[in-house]
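Asker: One structure is given below, represented as structure tokens, and several questions about it will come after.
Read-outs throughout are calculated quantities, based only on the coordinates presented, and are distinct from any laboratory measurement. Computed from a predicted model, the values in this text were never measured in an experiment. With ideal geometry, Cβ positions are generated from the backbone for all residues, glycine too; neighbour counts draw on all protein chains shown.
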Amino acid sequence: MVKKNRIRRVIALLLAVVMLVSVTAVFSSCGDKKSMGPTYMTIGGIDVPYDMVYCFVKQELAAYTEEELKDENIRAKARENIINNLIEKHYIVRVIAKELDLGLTEDARANINATMEAYRAFDDYDSMLNEMFATDAVTEELVTVSELDTVVYDFLCAFDERFDDNPDKILADIAESGKWYAAEYLVLEYDGVNHDARKADMEIVKNEVLGGKSLKEASSRIQQLYKTEYRYALDACFTESIYPEEMENAVKALEIGGVSEVIDTYNSDGYPSLILLRRVAISDDYVEKNFDTVKAYYLVRLYEEYRKEKMKDLEVVIADEYRNNDILDIK
């Protein structure tokens, strides 16, 4: 069960922006990709194959009921989401890499090969691909672009003057931009079993914090019950685009000292998790002692803003043979 949940979630996570930091600098061409069918559209001049579009369409449609999909307004929104997700979560990386004439590093290629070898070793890999509307070639492309994303990021941080990590500039950004937050959090990771019981225990912690206990003190209950699944942390300075959107929005919605609802989510390895957040004030002492981490957060946010700027007015052209078809009806 754990393996199955993990593969399913990992493939879904690869449809999101994966931001890693490496120190490689030797670039090579991307090489040939396995066939994923004919070109369905182009995004910024980059070919988007049929199988990739199929995967994104089916994952989007899974969020709606049959009755909802009878509503043309909902269908229009679904079409918009599909195109936006194809761009934001995948093809903007290839567009930027092409513009900068960047390809995969040797380390990136090694990471891709190791990741795909691990995926293919699972006995139920093929059935998981079917459940996620993906193919092996689609998965390899998703893994490849997540590695290419790192190459692009590293290059921009090293060679683009916009990615200025001057300490005075970062400190001014923290003080003036309104894009920095701080929170402590309690995480309970589990294997997908006994969700309700675990959530009930997290709700007890939340109520104790609302009653005046510190989150660290109240979390001792979870620590005693779930020694290997529990994690408490004071992440006392982070900026936009660092946490998953649902967590970032939860912190933004809180006043200093405010406590979130218990959030159902997944960790970076694909395991289901429950999270409780309490917003705290940004500490100057924390910023000073953890400046390297703060700087890394700042640069990642600059990169996300850079990507969004590049996405504006990006040309999307549907191939002639599919132009009169409804993308939602892809087979």
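Asker: Percentage of Cα-Cα pair distances in the chain greater than 31 Å, rounded to whole percent?
Answerer: Details: 22783 of 54615 pairs.
The share of Cα pairs beyond 31 Å in the chain comes to 42 percent.
Asker: Would you please name the trypsin sites (Lys or Arg not before Pro) within segment 190-292 that are DSSP coil residues with at most 11 other C-beta atoms within 10 Å of their C-beta? Mind showing how you got there, number by number?
Answerer: Numbers: sites: Arg198, Lys199, Lys206, Lys213, Lys216, Arg221, Lys227, Arg231, Lys252, Arg278, Arg279, Lys289; in loops: Lys213, Lys227.
Filter output for segment 190-292: Lys227.
Asker: Give, in nm to one decimal, the length gained when the segment between Asp107 and Glu217 is fully stretched (0.36 nm per residue of separation minus the Cα-Cα distance).
Answerer: On the way: separation 110, 0.36 × 110 = 39.60 nm, distance 4.31 nm.
Full extension from Asp107 to Glu217 adds 35.3 nm.
Asker: Further, regarding this structure: Which GluC sites (Glu not before Pro) in segment 136-195 pass both tests, a DSSP loop state and at most 13 other beta-carbon atoms within 10 Å? Please report the intermediate quantities before stating the final value.
Answerer: Numbers: sites: Glu140, Glu141, Glu147, Glu161, Glu176, Glu184, Glu189; in loops: Glu161.
Sites meeting the loop and neighbour criteria: Glu161.
Asker: A further question follows. List the equivalent ellipsoid semi-axes of segment 214-318 in whole Å, largest first, each obtained as the square root of 5λ for an eigenvalue λ of the Cα gyration tensor. Spell out each step's value before the answer.
Answerer: Details: eigenvalues 178, 75, 35 Å².
Equivalent ellipsoid of segment 214-318: 30, 19, 13 Å, largest first.
Asker: Hey, another quick one. Could you give me the ³J(HN,Hα) list for segment 63-72, computed from phi with Karplus coefficients 6.51, -1.76, 1.60 and θ = phi - 60°, whole Hz, x at Gly and Pro?
Answerer: My calculation for segment 63-72 gives 7, 10, 8, 4, 5, 4, 6, 7, 8, 5 Hz in order.
Asker: If you average 1/r over every pair of different alpha-carbon atoms in segment 34-96 and take one over that average, what Kirkwood value in Å do you get?
Answerer: Details: mean 1/r = 0.0801 Å⁻¹.
After inverting the pairwise mean of 1/r, the radius is 12.5 Å.
Asker: In segment 46-81, which GluC sites (Glu not before Pro) are in a loop and have at most 12 other Cβ atoms within 10 Å, using DSSP for the loop call? Please report the intermediate quantities before stating the final value.
Answerer: On the way: sites: Glu60, Glu66, Glu67, Glu68, Glu72, Glu80; in loops: Glu66, Glu67.
Listed in order of number, the matching sites are Glu66, Glu67.
Asker: For Ala172 and Glu99 in one chain, what is 0.36 nm times their gap in residues minus the Cα-Cα distance, to one decimal in nm?
Answerer: On the way: separation 73, 0.36 × 73 = 26.28 nm, distance 3.12 nm.
Gain on extension, Ala172 to Glu99, equals 23.2 nm.
Asker: Give me, ordered by chain and number, the residues 5 or more places off Asn267 or on other chains with an amide H under 5 Å from its own placed amide H.
Answerer: Here the answer is Ser273, since their amide H atoms fall under 5 Å of that of Asn267.
Asker: Something else now. Taking neighbour Cβ counts within 10 Å as the exposure measure, how do Val316, Val280 sort from fewest upward? Display every interim value, and only then the final one.
Answerer: Details: Val316 14, Val280 21.
Fewest to most other Cβ atoms nearby, the residues stand as Val316, Val280.
Asker: Taking the convex hull of the Cα atoms, report for segment 214-256 its projected area averaged over all directions, in nm².
Answerer: Working: hull surface 15.4 nm².
Taking a quarter of the hull surface, the average projection is 3.9 nm².
Asker: Sticking with this structure for a sec: What is the distance in Å between the Cα centres of segment 79-133 and segment 236-275?
Answerer: 25
Asker: Once you list every other residue whose beta carbon is under 14 Å from the beta carbon of Lys227, what net charge do they have if Lys and Arg are +1 and Asp and Glu are -1? Present the calculation step by step, with values, prior to reporting the outcome.
Answerer: Working: positive: Arg198, Arg221, Arg231; negative: Glu189, Asp201, Glu229.
Neighbour charge sum, excluding Lys227 itself: 0.
Asker: Hey, can you grab everything whose amide H is under 5 Å from the amide H of Tyr243? Only 5+ residues off in sequence or another chain; H modelled, so Pro and N-termini drop out.
Answerer: Hits under the 5 Å cutoff: none.
Asker: To the nearest 0.05, what FRET efficiency results for Lys252 and His195 with a Förster distance of 22 Å applied to their C-beta separation? All intermediate terms of the calculation are to be shown ahead of the outcome.
Answerer: Numbers: r = 26 Å, r/R0 = 1.19.
Once the sixth-power term is evaluated, E becomes 0.25.
Asker: Still on this model: Residue separation times 0.36 nm, minus the C-alpha to C-alpha distance between Glu288 and Leu225: what's the value?
Answerer: Details: separation 63, 0.36 × 63 = 22.68 nm, distance 3.51 nm.
Taking 0.36 nm per residue and subtracting the Cα distance, the gain is 19.2 nm.
Asker: Tell me the angle of helix 291-311 to the major Cα principal axis of the chain, expressed in degrees between 0 and 90 and rounded to the nearest ten.
Answerer: On a 0 to 90 degree scale, this one is about 40.
Asker: List, in the order given, every pair from Lys34/Lys58; Lys308/Lys331; Lys199/Lys308; Lys34/Lys89 whose Cα-Cα distance in the structure shown is over 29 Å. Before the final figure, lay out the partial values.
Answerer: Working: Lys34/Lys58 21 Å; Lys308/Lys331 31 Å; Lys199/Lys308 36 Å; Lys34/Lys89 20 Å.
Result: Lys308/Lys331; Lys199/Lys308 exceed 29 Å.
Asker: What's the magnitude of the charge dipole for the chain around its Cα centre, counting Lys and Arg as +1 and Asp and Glu as -1 at the beta-carbon? Answer in Debye, nearest 20.
Answerer: Numbers: 40 positive and 64 negative charges, 132 e Å.
Once rounded to the nearest 20, the dipole reads 640 debye.
Asker: Residue by residue, what Karplus-based ³J(HN,Hα) values in Hz, rounded to whole numbers, does segment 95-109 have, using 6.51, -1.76 and 1.60 with θ = phi - 60° and x for Gly and Pro?
Answerer: Residue by residue, segment 95-109 yields 4, 5, 4, 5, 4, 8, 6, 10, x, 6, 7, 5, 5, 4, 4 Hz.
Asker: How large is the direction-averaged shadow of the alpha-carbon convex hull of segment 248-287, in nm²? Don't skip to the end; give the middle numbers.
Answerer: Working: hull surface 14.4 nm².
Directional mean of the projected Cα hull area for segment 248-287 stands at 3.6 nm².
Asker: Any idea what angle helix 167-176 forms with the longest principal axis of the chain, computed on alpha-carbon atoms, 0 to 90 degrees, nearest 10?
Answerer: Once rounded, one gets 80 degrees.
Asker: Between Thr139, Thr115, Thr228, find the one with the highest GNM mean-square fluctuation for the chain; connect C-alpha pairs within less than 10 Å.
Answerer: Highest fluctuation of the listed residues: Thr228.
Asker: Starting from the Cα of Glu309, move 7 Å in the Cα-to-Cβ direction to define the label point; list residues of segment 120-161 whose amide nitrogen is under 14 Å from there.
Answerer: 156-157, 160-161
Asker: Can you compute the label reach from Lys295? Point 7 Å from Cα along the Cβ direction, backbone N cut-off under 18 Å, restricted to segment 163-203.
Answerer: Counting only backbone N, you get 163-175.
Asker: Name the residue, out of Asp149, Asp47, Asp71, whose mean-square fluctuation peaks in a Gaussian network model built on the chain with Cα pairs under 10 Å.
Answerer: Asp71
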